[in-house]
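Visitor: Following this message is one structure expressed as structure tokens.
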Amino acid sequence: MKRKIVAVVLASTMVLGLAACGGGDAGTTDTTGGDDAAATNEAGGDDADVKEGSSDDENTLTVWTWDPNFNIYAIEKAAEIYEKDHPGFKVDVSEIKSDDIETRLTTAVSAGDLSTLPDIFLMQDNSFQKYATNYPDIFTDLTDSGIDFSQFSQAKVAYSTLDGKNYGIPFDNGTVIECLRTDMLEEAGYTIDDFTDITWSDFMEKAKVVKEKTGQPILTSQAGSPDLVMEML
């Protein structure tokens, strides 16, 4: 029997989305624009503890997410609250990194078998539109689900909206702050006030001075990671 799947999107901003799973034919899925390298990986990977596929128990939902102290905690806490009015309900959570979840989604579509996918998965905002556009068979239309999307930040809702339909549930909208070394600013002839309420162009010009005076860049980023750009957006 086909089960409904929820896909969630996180990061400094994230979204929850439902996907349609089961062993049905995914041959009509448009896979253009997908990650070809990721598609060559096995869906099972090396994670022996990963629960693949939707649960056979109608009162249990399988979940793929990451971060035990935040995302997994939130999912399990939500299940506790729901279980109070729905005795016997539970979630079966597998801890999987964001990149690995995306790899598994791509692999499932490429194999034409969505039965390996869980009921709920977490996804980064910046990936949601790409996957919803290229792999529409994965997601469930939640527009008429009874969820009041007006209660969420509309910028967050937009990430999981495609052609006017809602395919995800906003999950997290984290605040981003900038932390600056005041001793380094002072060495460059600045104070924190010089970097308060300024334009990006002004920031860049002052950042060049900081680099010239101190030898250190004012911004850093992890190689191969889009986190800094995502936070700025």
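Since every read-out is calculated from the coordinates, none of them should be taken as a lab result. Since we're looking at a predicted model, the values are computed, not measured. Ideal geometry is used to build each Cβ from the backbone, glycine not excepted, and the neighbour counts take in all protein chains shown.
Visitor: Using the Karplus curve 6.51 cos²θ - 1.76 cosθ + 1.60 with θ = phi - 60°, work out ³J(HN,Hα) for each residue of the range 95-110 in order, rounded to whole Hz, and write x for Gly and Pro.
Guide: So the J values, rounded to whole Hz, are 7, 9, 5, 3, 4, 6, 5, 4, 4, 5, 5, 4, 5, 4, 5, 4.
Visitor: Still on this model: Which residues' amide hydrogens lie under 5 Å from the amide hydrogen of PHE139, considering only partners 5 or more residues apart or on another chain, with H built in the peptide plane?
Guide: ALA20
Visitor: Test of understanding: ordering SER150, SER225 by Cβ neighbours within 10 Å, fewest first, what list do you get? The partial results should precede the final answer.
Guide: Numbers: SER150 7, SER225 10.
By the 10 Å Cβ count, ascending: SER150, SER225.
Visitor: Moving on. Give the separation of the Cα centroids, the range 128-165 to the range 52-100, in Å.
Guide: Centre-to-centre distance over Cα atoms comes out at 20 Å.
Visitor: Can you list the aspartates and glutamates whose alpha carbon sits under 18 Å from that of LYS77, skipping same-chain ones fewer than 8 residues off?
Guide: The qualifying aspartates and glutamates are ASP67, ASP85, ASP92, GLU95, ASP119, ASP172.
Visitor: Please pull out the direction-averaged projected area of the range 72-215, using the convex hull of its alpha-carbon atoms, in nm² to one decimal place. Let's see the in-between values first.
Guide: On the way: hull surface 54.2 nm².
For the range 72-215, averaging the hull's shadow over all directions gives 13.6 nm².
Visitor: Once the piece of chain linking ASP163 and GLU187 is laid out straight, how much longer is it, given 0.36 nm per residue of separation minus the C-alpha distance between them?
Guide: Numbers: separation 24, 0.36 × 24 = 8.64 nm, distance 5.15 nm.
In short, 3.5 nm is gained.
Visitor: Which of the aspartates and glutamates could a cross-linker bridge to LYS130, judged by Cα under 15 Å and excluding same-chain residues fewer than eight apart?
Guide: Leaving aside aspartates and glutamates fewer than 8 places away in the same chain, those within reach of LYS130 are ASP30, ASP35, ASP36, ASP99, GLU102, ASP163.
Visitor: Turning to a different aspect of this structure: Mind ranking 213-223, 157-167, 98-108 by how tightly packed they are, going by the mean number of other C-beta atoms within 10 angstrom, highest first?
Guide: Numbers: 213-223: 11.5, 157-167: 18.2, 98-108: 22.0.
Ranked by mean Cβ neighbours within 10 Å, highest first: 98-108, 157-167, 213-223.
Visitor: Starting from the eigenvalues of the Cα gyration tensor, five times each then square-rooted, give me the equivalent ellipsoid semi-axes of the range 182-232, largest first, whole Å. Mind dumping the intermediate values first?
Guide: Numbers: eigenvalues 86, 39, 16 Å².
After diagonalising the Cα gyration tensor, the semi-axes are 21, 14, 9 Å.
Visitor: Tell me the net charge near GLU76. Cut-off is 13 Å between Cβ atoms, GLU76 excluded, with +1 for each Lys or Arg and -1 for each Asp or Glu.
Guide: On the way: positive: LYS77, LYS90; negative: ASP67, GLU80, GLU83, ASP92, GLU95.
Overall, the nearby charge balance is -3.
Visitor: Amide H of ILE96 versus every other amide H placed in the peptide plane: which residues, excluding those fewer than 5 positions away on the same chain, fall under 5 Å?
Guide: The list, which skips near neighbours in sequence, is THR65, TRP66.
Visitor: Check LEU162: other-chain or 5+ apart residues with amide H under 5 Å from its amide H, H built from backbone geometry?
Guide: Correct list: TYR167.
Visitor: Apply the Karplus parameterisation 6.51 cos²θ - 1.76 cosθ + 1.60, with θ equal to phi minus 60°, to every residue of the range 150-163 and state each ³J(HN,Hα) to the nearest whole Hz, in sequence, with x for glycine and proline.
Guide: Once rounded to whole Hz, the list reads 5, 7, 9, 4, 5, 5, 5, 4, 4, 4, 10, 10, 9, 6.
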